[in-house]
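The structure appears right after this line, and notes come after that.
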Amino acid sequence: MNSPTSGQPQPNQNSGANGGAPTVRKKRRSSFWDPLFDPNFKGTTNVFDWMTGTVTGVRNSVCGSDKLVETMAQKSASRWSIRNFKFQSCDFQGNFTTVDLSFNECEFVDADLGLSVWKNIKFSKCTFVRSSFTLATFEQCQFIDCTWKDIGISGTETKLFETTISNPWDFINSAYTNTNKDVLKQRGDTNPAHQLMRLEETKVKLARSVLSASERNADDVVYYEAVKTYLTQALKARKARATYDRDTTNSTRVRALSSWKSFLADGELIILNASGAINAWGFSLARAALVGVALIIAFMAIYFALGITDSGWLALMMSFDVTLLVGYTKHATEQSSWLAQFLYALNALLGLWWYAIFVPTVINRISRVR
């Protein structure tokens, strides 16, 4: 995540040459918002040779693309697959753009993937814990069924070009920022509330990038989860900004306006989640249809149980007419009791809401071209 008080480290800052003498990246010492931040980190101690056949992991190492190319040439290997391997406190650097490389069920713990470029690389069922994706570029890569925890991201410096993440919701919600009051006090004019607000804004930027990439390359399940992630995160970011403005101002007018914005964001979030649940955020036409059937049956039972009509069949027809709005005026008349009129109005409102979601879902499924 971009720091609210200072810039990101540049590629030439204490990173060392690719495959050269190991050093301490400035990010680990000075980027206090990043999950890798550790002022006591002593640095990488060796250059990894990418020989994974005889060991199960590597620690405190520079994992450079040039060294990988060299090792593959020595082994006359056209592709390199790494399985069940753990990278602990490693710095990845270089351009992984000319190698056929894949990671399967690997662990990346306290790993820095920044200052690296990846192309056509596949990560399958990998685990990323307290690892940094800031300043990293991924092009046409795949992250399939990966596990994410406390990931460092940047809304502008984490590049995802045509890259598929099969669980975008988990990825975005794993984003990390430092909220340690003592550290923040030493590092500048910032505080946990400000950090969390900036984190939510960073997450919505990256969620938009994930959605854009998923629209072109992912299957429908991933695409619609990316839709859910972006739309939900946009409202969370709006609420976080309003809450922060409300809690950090002395102006009564600003506090009142910010409280109103926060309230509206909460309301929109409730409506959005409820609407998304009806059709699985656009993915499931069948679920939307079942919700409509359930709505009709529910009001049929209500009409019959409360004595609005003494016929189950008539209650069903009444519920069908009102839910689809084709017979609302036929049943809701001035002669109806207040209870009946209230139920008709509620039935019509929910029916209209369902109808507004169901019909576009049908049209979208049969005519949409992503």
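What follows draws every value from the coordinates through simple rules; no lab data is involved. These figures come from a predicted structure and were not determined experimentally. Every residue, glycine as well, gets a Cβ built from its backbone with ideal geometry; the counts of neighbours run over all protein chains shown.
Listing for the model above:
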| item | result |
| --- | --- |
| Additional length obtainable on full extension of the chain from SER275 to ALA301, 0.36 nm per residue less Cα span | 7.0 nm |
| Among PHE32, GLY43, SER124 - extreme Cα towards positive end, dipole of region 26-282, charges at beta-carbon | PHE32 |
| Candidate lysines for bridging to LYS239, where Cα separation is under 18 Å - those fewer than 8 sequence places away on the same chain excluded | LYS203, LYS205, LYS228, LYS261 |
| Sorted by Cβ neighbour density within 10 Å, fewest at the top, the residues THR243, THR229, THR333 | THR333, THR243, THR229 |
| Neighbour-count ranking [beta-carbon atoms within 10 angstrom, fewest first] of TRP353, TRP50, TRP260 | TRP260, TRP353, TRP50 |
| Label point at ASN173 placed 7 Å out along Cα→Cβ; residues across region 269-304 whose backbone nitrogen lies under 19 Å | 269-284 |
| Helix-derived mean residue ellipticity, 222 nm - over the chain, DSSP H n ≥ 4, -39500 (n - 2.57), to 500 | -16000 deg cm²/dmol |
| Label selected from (i) 0.95; (ii) 1.10; (iii) 1.12, the criterion being Rg/Rh (Cα atoms, Kirkwood Rh) as computed here | (iii) |
| Test item: Cα-centred dipole of the chain, Lys/Arg +1 and Asp/Glu -1 on Cβ, debye | 780 |
| Set of lysines with alpha-carbon distance to LYS42 below 28 Å, sequence-local pairs under 8 removed | LYS26, LYS27, LYS67, LYS86, LYS149, LYS181, LYS185 |
